[in-house]
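**Student:** Below is a structure I'd like to ask you about.
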Amino acid sequence: MKRYEGLFILNTAGKEEGIKDALDKISAEIAMAGGKIETVQKMERKTFLRVADKKHTSGYYANIIFTCAPALIATLRAKFAINEEVFRVIFTNSPELKPAK
């Protein structure tokens, strides 16, 4: 099991109140696939500097730290690529926490 950090940009077009539900669904999908959620950090809504599509000019950012098998990342990328609530997602390796002395 490795520790990963997922930066999610959620599609917030007219759905500001549904952010918590979207994060709950994302967390549930990671857990159902075999991952274990450590933290869910809600950030804020930000306007994009480069707008590729006029429908999406801003997004709500959230950071989820979880552990899972390395083979699971490709599956999660594919799942979130077809999820309409997720505009973009980036998975990176997260350093292991050092135990406090």
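Computed from the coordinates by the stated procedures, all read-outs in this text should not be read as laboratory data. Please read all numbers here as calculations on a predicted model, not as lab measurements. In this analysis, Cβ positions are derived from the backbone assuming ideal geometry, glycine residues included, and neighbour counts consider all displayed protein chains.
**Student:** In whole percent, what relative contact order does the chain give with Cα contacts below 8 Å and a gap of six or more residues? Each step should come with its number before you reach the end.
**Tutor:** Details: 159 pairs, mean separation 47.2, N = 101.
After rounding, I find 47 percent.
**Student:** Let me ask you something else. Within 10 Å of each candidate Cβ there may be at most 15 other Cβ atoms; applying that plus a DSSP loop requirement, which GluC sites (Glu not before Pro) in region 65-101 survive?
**Tutor:** Sparse-neighbourhood loop GluC sites (Glu not before Pro): Glu84, Glu96.
**Student:** Under unit Cβ charges (Lys, Arg +1; Asp, Glu -1), what dipole magnitude, rounded to 20 debye, does the chain have relative to its Cα centre?
**Tutor:** Details: 17 positive and 12 negative charges, 67 e Å.
Using Cβ point charges on Lys, Arg, Asp and Glu, the chain gives about 320 debye.
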